[in-house]
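Inspection log for the structure reproduced underneath, given as C-alpha cells.
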Amino acid sequence: MTAYRAHLLVCAGTGCVSCGSFDVRRALEEEIRRRGLAQEVLVVATGCNGFCERGPILLVQPDGVFYQRLKPADVPRLVEEHLIKGRPVKSLMYVPPNEREPVPLMKDIEFFKHQRLIVLRNRGRIDPEKIEDSIAYDGYAAAAKALAEMTPEGIIAEITAAGLRGRGGAGFPTGRKWDAARRAAGDTRYVVCNGDEGDPGAFMDRSVLEADPHAVIEGMIIGARAVGAAGGFLYIRNEYPLAVARIGKALEQARANGLLGKDILGTGFDFDLEVVRGAGAFVSGEETALLASIEGGRAYPRQRPPYPAERGLWGKPTVINNVETWANVPPIILRGSAWFAGIGTATSKGTKIFSLVGKISNTGLVEVPMGIPLREIVYGIGGGVPGGREFKAVQIGGPSGGCIPKSMLDLPIDYESLKTAGSMMGSGGMIVMDEDTCMVDIALYFERFAEEESCGKCAPCRVGTGAMARILARITAGEGTADDLDRLEALAATVKQGSLCGLGQTAPNPILTTLRYFRDEYEAHVFDKRCPALVCKALIAFAIDPETCVGCLLCKKACPVGAITGELKKVHTIDPQACIKCGICLKVCPAKIHAVRKTPAVAGAAGSPAASTRTVPPARTGGPR
Amino acid sequence: MRPSTSELARLTAKAAGRRRALIQVLQDIQDRFHWLPPEALEHVAEALGVPLVQVYGVATFYKSFSLRPRGRHICTVCLGTACHVRGGGAVLEQFERRLGVAAGETTPDGAYTLERVNCLGACALAPLAVVDGHYYGQMTEAKVATVLAEAEKDERS
C-alpha cells in the first residue's frame, strides 16, 4: 500500500457538487499528475462537511488546512504553493465574517470548533463509496460485536440504557420501540429506515446517507439482530438522487464483504436490505404512510395504535427509525451506553444535527450536544445574521415546528424545552429569520405547505389547513379583521386535536407560535394595514428617491413590466399603477446610490389592500398534472 | 414521446405480478419518457395485476409523476423555507414571466416545463433553481435569463 504524504479531501456532498467540486477534483488530479506527485498526494472525494455555503471545500491532511470556494483555476497555484513549496495559500482560506485574517485550520474555525461529532464522525474524512474507508474507522466493528458477543436482549438493553430517542422528530425512546417489536407475536419482522426527509430546510439525513452510508446500514444490521428481522428497507426521497446512488453502492459492497446476506460474519445471522425510492409526498415521512408507500400504494397514514412495532409492513412487526437514529446505533454499541448517556441533558441524550440555514452567516449542518443554548448555535457556530440586520427568530422543526423569538435565545435545546416553547425538534431544521422576514407571511407559507401536502384522508387536516391558509392570506393582503385572529386560534386547536396523523396534528404550530410571540405583527397587518417587515406585497410600495437617483437606467432596464420611466442622468419614477412589486428595481439599484426604496403602501393607492396580489401560484394538488 | 409495447414490456418485466413494485415501475417509466403516457399505465396495470384505478390513484398521489408530457427542459425552483426567506418566490415569478407559464405548466412549444418543489435539501445554496439537473445556487431574478440561455445552448450543442 502506498503511503501518501498528503491527502486532499474534496467535499462531494450535494452542496459542494452543485458548486463544482467535481471540476475541482478533476483539476487537482490532473495537476498532481502533471507535477509528478501522483505517488505522494492522494485526492479523495468525501461526503458532506456541512459547511455547504463555503463550497467547494478542500481539506488538506495531515496539515488540517481548510480551503473554501475553490475554482478549478485556483488549483495550479494551490498545488504549487501548498504541496510543492509548503506555503498554504491564504487567499483561498476562510475569513470569518467582519474579520480580515483567514483561519487556516479547520479545527480553529468557529463553525467546526463547537461541534461534537457522533453521527457525522466520518464526514469529510472517508470516501463514502469505499467500504474500506469506513472499516478503517471502525465501520462494522459494532455490528460484529452485536452479532458475535451480544444477545438481542442485551442489544436492546444497551440502546435503552443509552437513552437514545428517535431523531425524526417525536423523540420516542428507540429501545422501547425495539423491545415492543421483539415481543410482538409472529416470525416475520422488518426494520425500516425512514429517509423521507421532507421538512423544508432540513437536510441532515441526506447528508448522512451521502457521507456515511455504511453507518446507517450497520445500525440497521444491529437493529435487525435485536428484533429478529430478516429483511429491511431503506426508503429514500426521490429528490435525493446522490443519496440513493451512494446507499445502493454501499449495499453492494456490504454484500460482497459478507456483511449483508446469508450468515453475516459467520454468525449464522441472515439479513438483507432493499432501497425504495419515494415519489414525492411529504406525508410519506409519517411512519404508517411510509409503510403504505413501501407496499406500493398511496402514502395514506392510518390510525395508531396498533403501532408499526406491533403491526407494520404487511401486518408484520416493524421497527421504523429515521436515518440519524440508525446512525447513532453503532457508536452506542461500540463505546457503551454510559458514554452516550453522559452527553446531553437529563431527558435528551447524545447529540442532534441541525441544519442552520436562512439569514445566517455560516450556513450548513452542525452536530451539537443536546442541551446547547440556541444562542450558541446561532451566534457561536452560525456567526449571527449577515449584513448588519437584526435577528428576529429561529424556525425549528419545519412545518410541524414553531418560531422561537429572540427573547428565548438562551433556551437549552432538547426535546422537552422545544415542546414547552410551542415548537418541536422535528428533524432539526433551523431557519434563521431577520427583521426583513414577516412572521405572518411565514405562517402563511407553512399553512400553504400543509394544505398542499395534506393527503386528504381526514377532514380536520384537509379542510382545516386550507381554511387557516385563507385567513392568513387575507391578513397579509390587508383584509384581515379582528375576528380573524380568534378564528385562527380556534381552527388551530381543532386541527391539532382532530387530525389523524402528525402532519395535521402539528400543522397549526407555526401559526400558534407566531401568534404567541409575534402577535404585534399580526395586529399591525390587521389594524394598521401595515407589514412591519415590508414583505407582504399588498401592504408595500416601491418608490425612487429623487434626491439620490442618478438616472443610470439600471432599474428601468430591469423592470419586467416597464413601470419605470426616465432618461439617462435624469431622475426616474415608478408608476404605482403598473408596478407589480417584484422588487427587482431595488436589487439592481447600486447599494451606494440606494435610490429605490421600499415603503409602506399609501392607503387607497393602486395595489394597496383590496387589490390583493398573490405571491405564489396556487398549490397544485391531486388530479392529473 | 410515445412508448412502444416492447419497451413497456421491458420496463415492467422484472416487476410482473408484484403489486408492491408499482411505484418503482412508474418511476422507471417516468425516468424514461419524462411522463406517464396513458398506454403505459394500462400496460402496468395488466403486467402487475393491479386494477387500473389503483395505478391512477398512485400516479396522481405522488408529485414526482406527471400525467402530461413535459418539456425538453425542466426548470425547478425550490421554495423550501430557506429559499422562501431568501427570496425564492421572486425567482419563481421571474421564471414565470420569462417563460410565460405558471409553475406546473409547460410552454406551448414543449420546450420548458416550470416546476416548483418544497425543498431539495440544498438549503445552503438558497435560493436554488435546478435546470436540466444543473444546480444554480444563490439565484437572483437577474440570473434567470442567463440560466435559461445556458439551457438553450446545451440543446444546440
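The values are calculated or read from the model by the stated rules, or taken from the named source; none is laboratory data. None of the values given here were measured: they were computed from a predicted structure. Don't worry about glycine lacking a Cβ; one is built from the backbone with ideal geometry, like all the others, and counts go over all protein chains shown. Areas reflect the complete protein model, heavy atoms only, side chains present, ligands, DNA and RNA absent. Shrake-Rupley method; radii C 1.70, N 1.55, O 1.52, S 1.80 Å.
When you look at the Cβ of every residue in A:143-154, what mean number of other chain Cβ atoms sits within 10 Å?
Values: counts 0, 0, 0, 0, 0, 0, 0, 0, 0, 0, 0, 0.
Counting other chains' Cβ atoms within 10 Å and averaging over A:143-154 gives 0.
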*Please give, to one decimal in nm, the separation of the simple spin-label points placed at residue A:481 and residue A:341, each 7 Å out from Cα toward the Cβ.*
5.8
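Inside 10 Å of the C-beta atoms of A:575-582, what's the mean count of C-beta atoms belonging to other chains? Please list the in-between numbers first.
Working: counts 0, 0, 0, 0, 0, 2, 1, 6.
Per residue, the average neighbour count from other chains is 1.
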*Tell me, which residues of the range A:286-311 get at least 40 Å² less accessible area when the other protein chains come in, versus the chain alone (1.4 Å probe)?*
A:296, A:298
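Can you tell me the relative contact order of chain A? Whole percent, Cα pairs under 8 Å, sequence separation 6 or more.
On the way: 1334 pairs, mean separation 68.2, N = 625.
Averaging sequence separation for qualifying contacts and normalising by length gives 11 percent for chain A.
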*Amide N proximity, the range A:435-470 versus residue A:497 label position 7 Å along Cα-to-Cβ, cut-off under 15 Å*: A:460-461
*Which lysines, on any chain, are close to residue A:537 with Cα under 26 Å apart, when same-chain ones fewer than 8 places away are left out?*
A:359, A:392, A:406, A:529, A:556, A:557, A:581, A:587, A:592, A:598, B:143
*Using just the helices of chain A, give the 222 nm mean residue ellipticity in deg cm²/dmol: DSSP H runs with n ≥ 4 each add -39,500 (n - 2.57), and the total is spread over all residues, rounded to 500.*
-10000 deg cm²/dmol
*Hey, with R₀ at 41 Å, roughly what FRET efficiency would residue B:97 and residue A:602 work out to, going by the Cβ-Cβ distance, to 0.05?*
0.95
*Before anything else, pin down the relative contact order of the range A:133-279: Cα pairs under 8 Å, at least 6 apart, normalised by residue count, whole percent.*
25
*Nearest 100 Å², what total accessible surface is buried between chain B and chain A (probe 1.4 Å)?*
4600
*Between 0 and 90°, nearest 10: helix A:152-162 axis offset from chain A longest Cα axis*: 40
*Rounded to the nearest 10 degrees, what's the angle between the helix A:459-476 long axis and the longest principal axis of chain A, both from Cα atoms, 0 to 90?*
40
_Cross-link candidates for residue A:130: which lysines have Cα within less than 27 Å, leaving aside residues fewer than 8 places away along the same chain?_
A:71, A:107, A:145, A:249, A:262, A:352
*By how many degrees, between 0 and 90 and to the nearest 10, does the Cα long axis of helix A:213-227 differ from the longest principal axis of chain A?*
60
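May I ask you to give the solvent-accessible area per residue for the protein assembly as shown, in square angstrom, as obtained with a 1.4 angstrom probe? Mind showing how you got there, number by number?
Details: 29990 Å² over 782 residues.
So the protein assembly as shown comes to 38 Å² accessible per residue, rounded to a whole number.
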*asked:* Given axes a ≥ b ≥ c from the Cα gyration tensor, I'd like to know whether chain A is rounded (a/c under 1.5), prolate (a/b larger than b/c) or oblate.
replied: oblate
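Contour minus end-to-end for residue A:91 and residue A:543, with contour as 0.36 nm per residue of separation and end-to-end as the Cα-Cα distance?
Details: separation 452, 0.36 × 452 = 162.72 nm, distance 4.03 nm.
Difference between extended and current length: 158.7 nm.
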*With every protein chain in place, the protein assembly as shown: carbon and sulfur % of accessible area (1.4 Å)*: 53
